[in-house]
Amino acid sequence: MNKKKEIIRTIRNFKRILKSGNVKTILVVSDWDIYIKTYTIEEIAARFLRIKGYNVQITISDNTEHPSYQFGYIRFYRYARIKFNSN
């Protein structure tokens with residue numbers, strides 16, 4: 001599917017969560033390449049909603065201090081915690 005359509009669909013789903021008023025947390029893990037900084041669809045949607053003024057908190061962490069090794073390559077992981085409707 002087209003990445004733009006997936007982002008729009010995710011934004012709509014996140015708006016439903018925000019409209020319900022329930023506190024919800026989403027955890028997203030992705031590979032992180034230092035040179036090609038790609039963000040997950042969920043993080044892009046959450047950042048968009050946060051810019052628009054919705055109650056969204058994003059916490060980012062990574063494993064750069066203790067990277068994992070896989071097949072001779074260093075793998076960095078990026079962890080994003082997205083919280084909705086929290087005070």
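Computed from the coordinates by the stated procedures, all read-outs in this text should not be read as laboratory data. Values in this document were obtained by computation on a predicted structure and should not be read as measured data. As a convention, Cβ positions derive from the backbone with ideal geometry for all residues, glycine included, and neighbour counts pool all protein chains shown.
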Options (1) 90; (2) 117; (3) 63 for volume of the Cα convex hull per residue in Å³; the value derived from the coordinates is listed as (2)
Note: probe point = Cα of ARG75 + 7 Å toward Cβ; backbone nitrogen < 20 Å; residues of the stretch 23-67 passing the test are 27-41, 61-67
Taking Cα atoms, the helix 41-51 axis meets the longest principal axis of the chain at an angle in degrees (rounded to 10) of 50
Once GLU65 and ASN22 are pulled to full extension, the length gained, defined as 0.36 nm per residue separation minus their Cα-Cα distance, is 12.0 nm
Surrounding charge for THR25, neighbours by C-beta under 11 angstrom, Lys/Arg +1, Asp/Glu -1, total +3
Relative contact order in percent for the chain (Cα pairs under 8 Å, 6+ apart) equals 39
The answer for GluC sites (Glu not before Pro) in the chain that fall in a DSSP coil and have at most 10 neighbouring Cβ atoms within 10 Å is GLU65
Sorted by chain and number, the residues with a modelled amide H under 5 Å from that of LYS24, at a separation of 5 or more or across chains, are PHE84
Given backbone amide H placed at 1.01 Å from N, residues whose amide H is under 5 Å from that of ASN63, ignoring those fewer than 5 places away on the same chain, are TYR77
A correct Karplus calculation of ³J(HN,Hα) over the stretch 20-28, with 6.51 cos²θ - 1.76 cosθ + 1.60, θ = phi - 60°, whole Hz and x for Gly and Pro, returns 5, x, 7, 7, 9, 10, 10, 10, 10
Here the stretch 57-68 yields Karplus 3J(HN,Hα) values (6.51, -1.76, 1.60; θ = phi - 60°; whole Hz; Gly and Pro given as x) of 10, 10, 10, 10, 9, 8, 10, 6, 6, 10, x, 9
